[in-house]
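The values are calculated or read from the model by the stated rules, or taken from the named source; none is laboratory data. Every value quoted in this text rests on a predicted model; they were computed, and no experiment measured them. Note that each Cβ is placed from the backbone with ideal geometry, even for glycine, and that neighbours are counted across all protein chains shown. Side chains included, ligands, DNA and RNA excluded: accessible areas come from the protein's heavy atoms. Shrake-Rupley method; radii C 1.70, N 1.55, O 1.52, S 1.80 Å.
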Amino acid sequence: MRERRWWTLFRILLKDCWGNGVSLSKDSFDAALLPGVREQLAEVYCSLRRSEQDVFQSVLDDNGVFREGVAYVRNCPLCAMPSHAASLVYFARGMHIVQCVKCSLVYSREVINRDADNSRYRQSNAMDAHMALHTNRVYAELESNKARYIIAGLREASDGSSGTLLDIGCSTGAILQAAREVGWQALGIDLNGSAVKIARARGLAAMEGYCPEDIPSSAGSFRAITMLDVLEHAEDPVGLLVSVTRHLVPGGVLGVQVPNFNSLLIQIEGVRNNNICHGHWSYFTPQTLIKVASEAGLELLSIETIISEIDRVRAYPAKQVAEAARLLTGRNVEFTDIDHRWVHEHLLGYKIFGMFALPRT
């Protein structure tokens, strides 16, 4: 009861701040910093992980490798360096996770064929579990606060002006709603029809389909485009960004969120971390995300990490955490110094959020 009362007051405070034009901080959607949130989300996350394991196993044989015809082998999706020359980082769930010796991008050598992979995003138990998460009251509130934080950043990058926005992978419409609240016209697109129906029921403009091929020509160009947890799913991340930016006006802003392979938690957990999974074909660091965006002709505006996962990090033995921090930063770090602020200062948060601009000329 105390946690529920605290959460209600917290929501009122956040909405009051947003309504008065005060930008939310990244702490407002960091579950590690909000008492009771982990407990309230534990069951729905547990269900999601179980369903994902079932999907993973369905495409693997008894030896833990992809069944014949399910996947193909690719070279580095950033610089085209042959994957056989890359350094093995992990072997997990049938995937050889390798690091390119030329450009440093970490990626899966194997990629599931598009037809087989699409079942993850349409009708499946895993997608049903994803929908249960996204419609959970507590999770939806966190996503709403994150969307407002991102829209505030995009507005600032756009000199505070309003405009049109395209959200790729819009799910149930958190970004669309946040954009509408500040006067932007927004269109969303997502592969999952159930998520699109929910977004539409909220009065938001959303469509089911692929981007960019299903974006109607009548939509025109956009002042801003967002891609949250999308780019890591692309077999060709550079090619996807190139095609997406054709829908940006010159000087337009692209906001990209991806899991951070250099996050402190992922480096501690390794293959046990749920981000090492089918569907995540590229594993970005802040540096390699900038390289991919640059290759696609985009200019960096800003880059940061969000979602500290500091409670999960600090649950590990102090020596293990300090050693992981040392390996990532190249210097000795005291366990007592590692908090959510330290994590973000060193770009070691769980997610990367970058903003990029399409040059005007």
ask   = Within segment 76-109, whose backbone N sits under 15 Å from a point 7 Å along Cα→Cβ of Gln57?
value = 93-94
query = Tell me, how many Å apart are the Cα centres for segment 224-298 and for segment 37-51?
reply = 25
note = Any DSSP H helix in the chain with Cα axial reach of 27 Å or more and mean Kyte-Doolittle score of at least -0.5? Listed by number, the hits are 137-157
key: Built amide H within the under 5 Å cut-off of Arg67, gap 5+   = Leu60, Asp61
request  = Please list the radius of gyration and Dmax for segment 214-361, considering alpha-carbon atoms only, with Å as the unit.
outcome  = 17.1, 57
inquiry  = Along the charge dipole of segment 256-342, pointing to its positive end and built from +1/-1 on Cβ of Lys, Arg, Asp and Glu, which listed residue (Ala315, Tyr283, Thr305) has its Cα farthest out?
reply    = Ala315
ask   = Dipole size in debye (nearest 20) for segment 96-182 around its Cα centre, Lys and Arg Cβ +1, Asp and Glu Cβ -1?
value = 140
key: Length-normalised contact order of segment 165-217 in % [C-alpha pairs under 8 Å, at least 6 apart]   = 36
key: Estimated dipole of the chain in Debye, rounded to 20 [Cβ of Lys and Arg +1, of Asp and Glu -1, Cα centre]   = 500
ask   = How much accessible area per residue does the chain have, in Å², with a 1.4 Å probe?
value = 45
remark   = As a percent rounded to 5, the proportion of antiparallel DSSP bridges among beta bridges in the chain is 60
ask   = Classify segment 48-177: rounded, prolate or oblate, from the alpha-carbon gyration tensor (a ≥ b ≥ c, eigenvalue square roots; a/c under 1.5 rounded; otherwise prolate if a/b is larger than b/c)?
value = oblate
request  = Would you compute the Debye intensity of segment 212-255 from its alpha-carbon atoms alone, equal scatterers and no solvent, and pass along log10 I(q)/I(0) at q = 0.22, 0.30 Å⁻¹ to two decimals?
outcome  = -0.78, -1.22
inquiry  = If each DSSP helix of 4+ residues adds -39,500 (n - 2.57) and the sum is divided by the residues in the chain, what number results at 222 nm, nearest 500 deg cm²/dmol?
reply    = -12000 deg cm²/dmol
request  = With unit charges on the beta carbon (Lys/Arg positive, Asp/Glu negative), name the residue among Ile266, Ile215, Leu240 whose Cα is farthest towards the positive pole of the charge dipole of segment 201-271.
outcome  = Ile215
request  = Return the Rg/Rh value of the chain, two decimal places, where both radii are evaluated on C-alpha atoms and Rh is the Kirkwood radius.
outcome  = 0.94
key: Accessible surface, 1.4 Å probe, highest first, among residues Lys146, Lys197   = Lys197, Lys146
Segment 267-343, dipole about Cα centre (Lys/Arg Cβ +1, Asp/Glu Cβ -1), debye to the nearest 20 = 220
inquiry  = Run the simple label-point estimate for Ala85 and Glu181 please: 7 Å along Cα→C-beta, distance reported in nm.
reply    = 4.9
task = Rounded to the nearest 0.05, what FRET efficiency do Gln320 and Glu68 give with R0 = 25 Å and r taken as the Cβ-Cβ distance? Could you check?
result = 0.05
key: Computed P(r) (all Cα pairs; segment 143-273; 10 Å bins; percent)   = 13, 42, 34, 10, 1
task = Pop out the carbon and sulfur fraction of the accessible area of the chain as a percent, whole number, probe 1.4 Å.
result = 50
